[in-house]
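Below: one structure, written as structure tokens.
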Amino acid sequence: MATVRLAAIKALNGSSRLRNLSCSLNHRCKALSIRAFSAAMSPPSKAVVYDLHGPPDTVTRIIERPPVELKENDVCVKMLAAPINPSDINRIEGVYPVRPQVPAVGGYEGVGEVYSMGSSVKGLSPGDWVIPLPTSSGTWQTYIVKEQSAWHKINKDTPLEYAATVTVNPLTALRMLEDFVNLNSGDAIVQNGATSIVGQCIIQLARIRGIHSVNIIRDRAGSDEVKEKLKKLGADVVYTESQLEVKNVKGLLANIPEPALGFNCVGGNSASLVLKFLRQGGTMVTYGGMAKKPITVSTSSFIFKDLSLRGFWLQKWMNSDKAEECRSMVDYLLDLVREGKLKYEMELSPFNEFHTALDKALGKLGSQPKQIIQF
Ligand SMILES: NC(=O)c1ccc[n+]([C@@H]2O[C@H](COP(=O)([O-])OP(=O)(O)OC[C@H]3O[C@@H](n4cnc5c(N)ncnc54)[C@H](OP(=O)(O)O)[C@@H]3O)[C@@H](O)[C@H]2O)c1
């Protein structure tokens, strides 16, 4: 019997039928193994990495990273867009309080589309839009694998660039308005860096709450146009720093009450101007240092005005177990975006022009809108 079967196989062996059969089996096996492989692995990812801390335009490069294995609770996300924020630049420079271990992938927020998932993931499907919850590193790359708990599903009707930028700056604006001084409708705030995304969000979130805003911008080309844009967002008044070189800045408040709360993201003289506007017992919250200059406070501001100086850092706020609160704040902010109540200027730049976008974000080409990398 065995001899007969062997003879039959041998007879078939040279025939084209057997060759075809074995070819098609081979093909099917290969297809199956590729499918099994791609279900468990991410695609290779293109990423902006830095191997050393230093000037971002010289230490960053784009490389291809190998596929990553997906565990049962992991979600692989194809990134759609991610911004270049000042803190991303500071992290690469190595001057941020948290120094990422190098080599590292840049970027701390963004939006992407679910590409594939581990076997235990529930409530997400391929194609869903998700954002990484703060503080999430390595968003400047085409595919990211993280546990499901690190992602937040959002409404796909959201404009891409807003979805990509909601978790750092708008969230900071919201927290700072709510966490330091109990403000009521009719009260006022004062801020510098009013053209920043945080500044633009503060103007609009304050306006929604009936709070007036006094805004300071730096002297720059096109400042009249900038003032008009900020007023359209809801700013009550906008002054350049040089306009505030007067004896009594409060004379410029007209009908606006003296601000109880001030925000400073610049430092140096610009911070002193915020302090000058504050009322007796007012508070200034510092959250950035764009001018890289220290804050100087007169002795009399403490003795006769009893001012308070505070600081805000989103990363610290997030570390205190705020993931659930963060999800509802993101939903609230993106609802405002979809309702047209929260806007800010941005520019989408293709990923293959990353280094031009980076130069713009570094200020090498003058004042530019926030750069959003589109993958
Ligand atoms: N503490 C936190 O948790 C936290 C969270 C989010 C953001 N931040 C900080 O908030 C600040 C704003 O961030 P963003 O992403 O909203 O900013 P952005 O949209 O990138 O805008 C940058 C802002 O900085 C101004 N600026 C740039 N260089 C300057 C200089 N040398 N002197 C004075 N002003 C300068 C720009 O003014 P022009 O429009 O005139 O160019 C613009 O207003 C940054 O310092 C950032 O690190 C802190």
So what are the radius of gyration and Dmax for the Cα set of segment 227-320, in Å?
14.2, 43
A correct Karplus calculation of ³J(HN,Hα) over segment 43-57, with 6.51 cos²θ - 1.76 cosθ + 1.60, θ = phi - 60°, whole Hz and x for Gly and Pro, returns x, x, 10, 8, 9, 8, 10, 9, 9, 9, 7, x, x, x, 6
Long-range Cα-Cα pairs in the chain (distance over 27 Å), rounded percent:
55 percent
Based only on the alpha carbon positions, what is the Kirkwood hydrodynamic radius of segment 267-375, in angstrom?
17.6 Å
Packing-based exposure ordering (other Cβ within 10 Å, fewest first) of 152, 212:
152, 212
Candidates 71, 247, 122: whichever shows maximal mean-square fluctuation once the chain is modelled as a Gaussian network with Cα springs under 10 Å:
247
Counting DSSP beta bridges with both partners in the chain, what percentage is antiparallel, nearest 5?
55 percent
0 to 90° range, to nearest 10: angle between helix 197-208 axis and the chain longest Cα axis
70 degrees
With springs connecting C-alpha atoms under 10 Å apart, model the chain as a Gaussian network and identify which of 153, 322, 231 has the largest mean-square fluctuation.
322
Check: the chain dipole with +1 on Lys, Arg Cβ and -1 on Asp, Glu Cβ, in debye
1140 debye
For a quick check, take a GNM of the chain with Cα springs below 10 Å and name the residue from 111, 95, 285 with the largest mean-square fluctuation.
95
Give the cross-link partners of residue 232 among the lysines, using a straight C-alpha distance below 24 Å as the criterion and excluding same-chain residues fewer than 8 apart.
250, 341, 343, 370
Can you give me the C-alpha center-to-center distance between segment 324-375 and segment 38-108, rounded to a whole angstrom?
17 Å
Counting only residues 5 or more apart in sequence or on a different chain, those whose built amide H sits under 5 Å from that of residue 76 are 115, 116, 117, 118
Computed FRET efficiency, Cβ-Cβ of residue 355 and residue 182, R0 56 Å: what is it to the nearest 0.05?
0.75
Calculated FRET efficiency, residue 63 and residue 347, Cβ-Cβ r, R0 22 Å, to nearest 0.05?
0.30
Based on DSSP H runs of at least 4 residues, each adding -39500 (n - 2.57), what is the mean residue ellipticity at 222 nm of the chain after dividing by all its residues, to the nearest 500 deg cm²/dmol?
-10500 deg cm²/dmol
Is the C-alpha gyration tensor of segment 179-225 telling us rounded, prolate or oblate? Criteria: a/c under 1.5 is rounded; beyond that, a/b larger than b/c is prolate, otherwise oblate.
prolate
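Coordinate-derived values only; no laboratory data. Keep in mind the model is a prediction, meaning the values are calculated, not measured. Note: ideal-geometry Cβ built from the backbone for every residue, glycine included; neighbour counts use all protein chains shown.
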